[in-house]
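The numbers here are math on the coordinates, done by the rules we state, and not lab data. This structure is a prediction, so every number in the text was calculated from the model and none was measured. Cβ: placed from backbone, ideal geometry, glycine included. Neighbour counts: every protein chain shown.
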Amino acid sequence: MSRKIIMTAAIFGLIGVIAGAFGAHGLDPQFTAKQKEIWRTAVQYQFYHALALLFLSYFKAETKTIRLIYYLFTIGIIFFSGSLYLLACADLLGISNFAYIGPITPFGGLLFIAGWASLAYAAYTNK
C-alpha cells in the first residue's frame, strides 16, 4: 500500500505543478480575478493533500484505517479540486449550467475532513 500511496501522491503533486503553471501562464490572460482565485484554491488543496498522502505512506502498518484515509484524501482531491478546476474553466469550456457541480465541491471537503479525523485516529491508536 505504501508504494501505491507514494505513487498517488507523486501523480497528484505532478498534476498540481502542471495545473499551477498552466493557471499562472496559460490561463491567466483569459481568467477573471474570481476564476484565478478558484483555480489557486484547487491547486493549493491538491498540494496539501498530496503531501498528506506522502506523510500517510510513512505509517509502517497497513491497516483498514490507512486504506480508508488514502481513499478519503484521493477521492477528496478529485471531487474538491476537480470540481473547482471545472468551475474556473466553465466559461472557456462553454459550460453554463453548473447546478450539478454544486454539491461535489463541499462533498470533497467533507472527505478531506473525514480523512484528517481518521489520520488523527490512526496516529492515536498507532503503537
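Side notes on the structure shown:
- Rg to Rh quotient for the chain, alpha carbon positions, Kirkwood Rh: 1.04
- Within the chain, helix-based [θ] at 222 nm, where runs of 4 or more DSSP H residues each add -39,500 (n - 2.57), nearest 500: -25500 deg cm²/dmol
- Separation of alpha-carbon centers, region 9-34 and region 56-125, rounded to whole Å: 18 Å
- Where a label projected 7 Å from the Cα of LEU27 along Cα→Cβ would reach, residues of region 47-87 with amide N under 15 Å: 47, 78-87
- Fluctuation leader among THR105, THR32, THR41 - the chain, Gaussian network, Cα springs under 10 angstrom: THR32
- Contact order, relative form, for the chain: 30 percent (alpha carbon pairs under 8 Å, 6 or more residues apart, mean separation divided by residue count).
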